[in-house]
Amino acid sequence: MAKVDLSKYGITGTTEVVYNPSYEQLFEEETKPGLEGYEVGKVSELGAVNVMTGIYTGRSPKDKFIVMDENSKNTVWWTSDEYKNDNHPASEEAWAAVKEIAKKELSNKRLYVVDAFCGANKDTRMAVRFIMEVAWQAHFVTNMFIKPTAEELESFEPDFVVYNASKAKVENYKELGLNSETAVMFNITSKEQVIVNTWYGGEMKKGMFSMMNYFLPLKGIASMHCSANTDMEGKNTAIFFGLSGTGKTTLSTDPKRLLIGDDEHGWDDNGVFNFEGGCYAKVINLDKDSEPDIYNAIKRNALLENVTLDAEGHIDFADKSVTENTRVSYPINHIQNIVRPISSAPAAKNVIFLSADAFGVLPPVSILSPEQTQYYFLSGFTAKLAGTERGITEPTPTFSACFGQAFLELHPTKYAEELVKKMQMSGAKAYLVNTGWNGTGKRISIKDTRGIIDAILNGDINNVPTKKIPYFDFEVPTVLNGVDTGILDPRDTYADASQWEEKAKDLAGRFIKNFKKYEGNEHGKALVSAGPQL
Ligand SMILES: Nc1ncnc2c1ncn2[C@@H]1O[C@H](COP(=O)(O)OP(=O)(O)OP(=O)(O)O)[C@@H](O)[C@H]1O
Ligand SMILES: O=C([O-])CC(=O)C(=O)O
Ligand SMILES: [Mn+2]
């Protein structure tokens with residue numbers, strides 16, 4: 001007998017509800033005989049089950065829609081010709097039609113329902129109900145969201161409902177004004193999300209992040225696409241902003257520190273808190289020695305995605321034949337050094353912007369002034385790395401506002417405002433760290449980047465000689481313990497410094513052009529002098 005009544009959502013004929021399954025149950029369900037296609041889970045040599053997510057192995061931002069109604073019309077940051085973003089408007093009719101498709105798909109089935117929290121802070125968390133027909137999708141959200149206690153489950157009332165109908169298609173998408181047979185739709189008024197025709201779990205994870213990004217800043221709380229950790233005393237907190245693949249997960253998972261979370265955080269008057277209950281690490285070319293904690297987190301209850309296994313379950317982490325965006329999700333307690341019992345810590349003292357610069361122009365670390373902090377946060381320059389978004393197959397330079405434009409539901413300046421307020425209160429300093437390329441043509445090593453992060457967090461970076469880099473006026477250290485001195489000035493990594501000059505001027509020009517969209521008001525105009533100058 002169903003513990004949860006789904007008929008109130010218009011889902012009828014449900015044969016059974018598997019409610020908040022245990023990890024044991026999830027394992028049984030996703031490996032049981034008789035599963036077909038992308039529902040099949042295979043046990044790997046490390047004990048974690050691997051699944052294939054189908055055609056969609058990354059998010060599909062072009063298929064992201066938000067219902068435009070009285071409530072959202074004047075609050076959401078809609079895409080426009082002047083400033084394109086991923087908040088595409090959908091009509092209420094399109095919403096009704098797509099929800100109908102989901103209800104139909106989910107009716108007369110044996111379903112999984114997972115109730116979980118998004119947000120570690122009790123005052124501002126969202127209680128989310130996920131409804132789906134695929135076992136491993138239930139596993140994914142069990143890993144990624146915060147598990148309610150038995151007592152919390154007794155009185156669980158969802159604030160938000162997610163209908164995952166990944167097996168269905170929106171056949172009449174053209175009529176409905178949508179982009180394709182795939183739809184990832186949000187209704188901010190009814191507080192629901194519908195997913196059709198993509199199995200990629202990231203749509204549920206980043207979907208709820210988008211909703212937190214809508215609701216929290218309106219309450220004066222910073223909502224951030226960043227990882228976070230703190231020192232062993234839980235005092236010296238750092239946050240690491242960065243677009244996909246720039247190193248949030250890799251660099252925040254640091255055996256010397258306590259992890260708060262690897263991707264989505266809020267910052268309120270009490271400090272920094274995680275939205276999630278798990279981590280979602282990239283595993284392409286995963287190397288046991290440079291990322292031991294992530295490697296060791298891949299065990300029973302972790303869920304691998306799109307990784308190649310042979311018949312015996314041996315993993316080939318180098319294989320990118322399915323996607324470069326191979327992943328593992330695991331509950332945060334698979335990492336030994338974490339903040340317990342709640343993933344939160346005091347206000348950040350250090351704010352790090354991770355940018356994977358595909359042009360090889362940015363220094364591996366720059367010490368930012370408060371004005372530069374705002375300028376570079378709004379600019380969000382980085383490269384999109386292959387795989388996380390559909391259609392991106394090689395590092396593609398991009399300006400992604402606040403290092404997470406795809407997830408912003410309000411105007412970028414709102415996020416900048418909240419971040420600046422919080423940074424001023426805690427006296428935090430900001431650094432721009434290039435985890436991408438330099439003149440050698442290779443990516444800066446994880447070892448050098450870790451050395452840089454160590455020097456920021458232990459304060460060494462404030463006690464070394466520095467110099468200024470032209471065009472950008474970046475202050476950079478000339479020596480840093482544990483870091484190859486030859487890379488600190490990016491010009492030294494080129495055979496001839498004039499090669500850097502040429503690329504630097506081109507990049508400076510791109511920054512200037514990109515920033516025009518913020519120059520419509522006095523505040524934006526005032527920041528221009530903190531940006532690159534030609
Ligand atoms: N210098 C470097 N610093 C950090 N990561 C690096 C560096 N060089 C290579 N890498 C690789 O880049 C990838 C960084 O991915 P990571 O999962 O940390 O990104 P992320 O910011 O968490 O992305 P997402 O938002 O998609 O989860 C890893 O595969 C890591 O091995
Ligand atoms: O979007 C990202 O940056 C990576 C991720 O978490 C997802 O694919 O959902
Ligand atoms: Mn990550």
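The values are calculated or read from the model by the stated rules, or taken from the named source; none is laboratory data. The shown structure was predicted, so the numbers you read here are calculated from the model rather than taken from an experiment. Cβ placement follows ideal geometry from the backbone for every residue including glycine, while neighbour counts extend to all protein chains displayed.
Here are some notes:
- Of all residues in the stretch 234-246 being among the small types (Gly, Ala, Ser) and buried (at least 24 other Cβ atoms within 10 Å of the Cβ), the one that is farthest from ligand 3 (Cβ to nearest atom): Ala238
- Restricting the search to helices (runs of 4 or more DSSP H) fully inside the stretch 446-534 and requiring at least 1 residues that are basic (Lys, Arg) and within 26 Å of Pro412 (Cβ to Cβ) gives 497-515, 522-527.
A quick yes/no check of all residues on (1) surrounded by fewer than 19 Cβ atoms within 10 Å (Cβ to Cβ); (2) at pLDDT 95 or above; (3) within 16 Å of ligand 1 (Cβ to nearest atom):
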| site | (1), (2), (3) |
| --- | --- |
| Asp5 | yes, no, no |
| Thr12 | yes, yes, no |
| Ser22 | yes, yes, no |
| Phe27 | no, yes, no |
| Gly41 | no, yes, no |
| Ser44 | no, yes, no |
| Ala48 | no, yes, no |
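- Selection of the stretch 266-282 for residues being within 16 Å of ligand 3 (Cβ to nearest atom) and in a loop (DSSP other than H, G, I, E, B) yields Phe275, Glu276, Gly277.
- Condition met for Thr250 (part of a loop (DSSP other than H, G, I, E, B), within 13 Å of ligand 3 (Cβ to nearest atom), within 30 Å of Lys422 (Cβ to Cβ) and not acidic (Asp, Glu)): no
- Any chance Glu151 is more than 22 Å from the chain's Cα centre (by Cα) and without any contact (Cβ under 8 Å) to a residue 12 or more places away in the chain: yes
- Neighbours by Cβ (under 8 Å, 6+ apart or cross-chain): first from the stretch 172-184, free of Cβ contacts under 8 Å to residues at least 60 places away in the same chain and on the phi > 0 side of the Ramachandran plot; second buried (at least 19 other Cβ atoms within 10 Å of the Cβ) and of a type outside the set (Asp, Glu): none
- The residues of the stretch 32-75 that are β-branched (Val, Ile, Thr) and in contact with a helix residue (DSSP H, G or I) (Cβ under 7 Å, 6 or more places away or on another chain), listed by number, are Val43, Val49, Val51, Thr53, Ile66, Val67.
- Screening the candidates Ser400, Ser379 for the property of being closer than 29 Å to Ser498 by Cα, within 16 Å of ligand 3 (Cβ to nearest atom) and in contact (Cβ under 8 Å) with a residue 40 or more places away in the chain yields one hit, Ser400.
- Among the conditions (1) in the same structural domain as Ala138 (by the TED database); (2) within 15 Å of ligand 3 (Cβ to nearest atom), the only one that Cys226 does not satisfy is (1).
- Some residue of the stretch 229-238 being under 26 Å from Gly436 (Cα atoms), within 11 Å of ligand 1 (Cβ to nearest atom), modelled with pLDDT of 95 or more and not polar (S, T, N, Q): no
- Taking first residues from the stretch 246-263 that are in contact (Cβ under 8 Å) with a residue 60 or more places away in the chain and partners that are more than 16 Å from ligand 2 (Cβ to nearest atom) and small (Gly, Ala, Ser), the Cβ contacts under 7 Å between residues at least 6 apart in sequence or on separate chains come to Leu258/Gly234; Ile260/Ser343; Ile260/Ser344; Ile260/Ala345; Gly261/Ser343.
- Phe353 vs. criteria in contact with a Phe, Trp or Tyr (Cβ under 9 Å, 6 or more places away or on another chain), in a strand (DSSP E or B) and crowded, with 23+ Cβ neighbours inside 10 Å: yes
- Of all the numbered requirements in (1) under 27 Å from Leu218 (Cβ atoms); (2) surrounded by fewer than 23 Cβ atoms within 10 Å (Cβ to Cβ), Leu408 misses one, and that requirement is (2).
- In the condition set (1) assigned to a helix (DSSP H, G or I); (2) within 20 Å of the chain's Cα centre (by Cα); (3) surrounded by 22 or more Cβ atoms within 10 Å (Cβ to Cβ), Val433 is compliant with all but (1).
- Selection within the stretch 175-185 - touching a Ser or Thr at 6+ places or on another chain (Cβ under 7 Å) and under 25 Å from Lys8 (Cβ atoms): Val184
- Among the residues of the stretch 35-69, the ones that are more than 20 Å from Tyr173 (Cβ to Cβ) and of a type in the set (Lys, Arg) come to 1 in all.
- Which listed residue is closer than 30 Å to Lys42 by Cβ, part of a loop (DSSP other than H, G, I, E, B) and either outside the structural domain of Tyr415 (by the TED database) or basic (Lys, Arg) (or both), from Asp289, Asp263, Asp293: Asp289
- Cross-chain or 6+ apart pairs with Cβ under 9 Å, the stretch 276-299 first and away from ligand 2 (no atom under 16 Å from the Cβ), then of a type in the set (D, E, K, R) and part of a helix (DSSP H, G or I): Ser290/Lys447; Ser290/Arg450
- Applying the set (1) surrounded by fewer than 20 Cβ atoms within 10 Å (Cβ to Cβ); (2) of a type in the set (Val, Ile, Thr); (3) within 16 Å of ligand 3 (Cβ to nearest atom) to Thr308 leaves exactly one unmet item: (3).
- Among the conditions (1) among the β-branched types (Val, Ile, Thr); (2) in the same structural domain as Gly451 (by the TED database); (3) more than 16 Å from ligand 1 (Cβ to nearest atom), Thr250 misses just one, which is (3).
- 1 or more residues among the polar types (S, T, N, Q): qualifying strands (runs of 3 or more DSSP E) within the stretch 1-81: 49-51
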